[in-house]
Amino acid sequence: VLFFLSPPLYGEGYDTIELLLNGTSTAEWDTVMNNSMFYGYGNLLLVYLMLIILLKVFASSATNGGGGCGGIFAPSLYLGCIAGFVFSHFSNDFTFSAYLPEKNFALMGMAGVMSGVMHAPLTGVFLIAELTGGYDLFLPLMIVSVSSYLTIIAFEPHSIYSMRLAKKGQLITHHKDKAVLTLMKMENVVEKDFVVVHPEMDLGELVKAIAASHRNVFPVTDKKTGELLGIVLLDDIRNIMFRQELYHRFTVNKLMTSAPAKIFDTDGMEQVMQTFDDTKAWNLPVVDEEGRYEGFVSKSKIFNSYRQVLVHFSED
């Protein structure tokens, strides 16, 4: 449907770019509307080009998002060229404004969009400067590229290439602390040697579990579903654990407390460390998306792994 409405959307768009850059008259530029529903309406050229800008954004996003090979580089040049041309051509329609050469502004539009999308202002400057075969436009290209870059980083700190990794928490940056945390994996720091108890167990059974464990934290889970219900801290029952007359009077359900926080097995290590900082805890339980207990993460385990990764990272 988009190709039917606007044939220039088909392909990389280099034919349209060449037409707008090399055209010298309105008659030549109007040929961009050939085979479209706007054919023969030369006075609607700017409306047609602005419609192409909107449709190209949708077409490229749909193609790339759907698993196709739509690319980023060519659509950026294409949109930038049309945007620069529309701006200058629209300005030239007013007699009180200075004449703006469409070709130069189309080139600067290409540099601006490329710098914003790719977060690469130098690439935009030098690529377009080489494309023109000279450095007459070097200063305006620098102004446009830097302005575009400073504008986009205020709204989106990551380029279109690194945005997906950043959302997953897998982006390695020059910040050493974040880079080390990115390299660490949750499954490598989860400890599963904690003795699990159930809420219906009495104090006597809990004491037997304590004797079989070398930990001072005991996760309480539902016997059927495995859902984490709470934790029992050794310090909380130390004053009654040796009184045998109470072994059948108290159950784990009365002795357990809520965990300071829960860590999901899908959380990134940066989020895990933030949770530890917020709760000031040394051990936190790990659960899956349905709340089933999987293990514990301790600060000491994270620090040991952190140091190993940091040493390996520094050696590399």
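The figures follow:
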item	result
Net charge of Cβ neighbours under 11 Å - reference T251; Lys, Arg +1; Asp, Glu -1	-1
Peptides ranked, highest mean first, by Cβ atoms within 10 Å: ranges 21-31, 296-306, 118-128	118-128, 296-306, 21-31
Rounded if a/c under 1.5, otherwise prolate or oblate - segment 27-157, Cα gyration tensor axes	oblate
Residue-count net charge about F87 - beta-carbon cut-off 14 Å; Lys, Arg +1, Asp, Glu -1	-1
Kyte-Doolittle mean at least -0.5 and Cα axial length at least 18 Å: DSSP H helices in the chain	45-65, 73-92, 102-118, 138-153, 299-315
For V47, net neighbour charge (Lys/Arg +1, Asp/Glu -1) across residues whose Cβ lies under 13 Å away	-2
Lys, Arg +1 and Asp, Glu -1 on Cβ, resulting dipole of the chain about Cα centre, debye, nearest 20	1020
Subset of K208/K301; K262/K301; K185/K262 violating a 19 Å alpha-carbon distance limit	K208/K301
Förster-model FRET efficiency, 45 Å R0, E187 and R243, C-beta, rounded to 0.05	0.65
Accessible area (Å², per residue) of segment 36-140, counting only protein heavy atoms and a probe of 1.4 Å	51
Whole-Å distance, taken between Cα centres, linking segment 85-111 and segment 278-307	59
Accessible area of segment 18-156 belonging to carbon and sulfur atoms, whole % at 1.4 Å probe	68
Selected from V144, G13, M201, residue furthest toward positive end of dipole (the chain; charges at beta carbon)	M201
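The values are calculated or read from the model by the stated rules, or taken from the named source; none is laboratory data. Note that the structure is a prediction, hence the values are computed from the model and not measured. All Cβ positions, even for glycine, are placed from backbone atoms using ideal geometry, and neighbour counts span all protein chains on display. Calculation scope for accessible area: heavy atoms of the full protein, side chains included, ligands and nucleic acids excluded. Shrake-Rupley method; radii C 1.70, N 1.55, O 1.52, S 1.80 Å.
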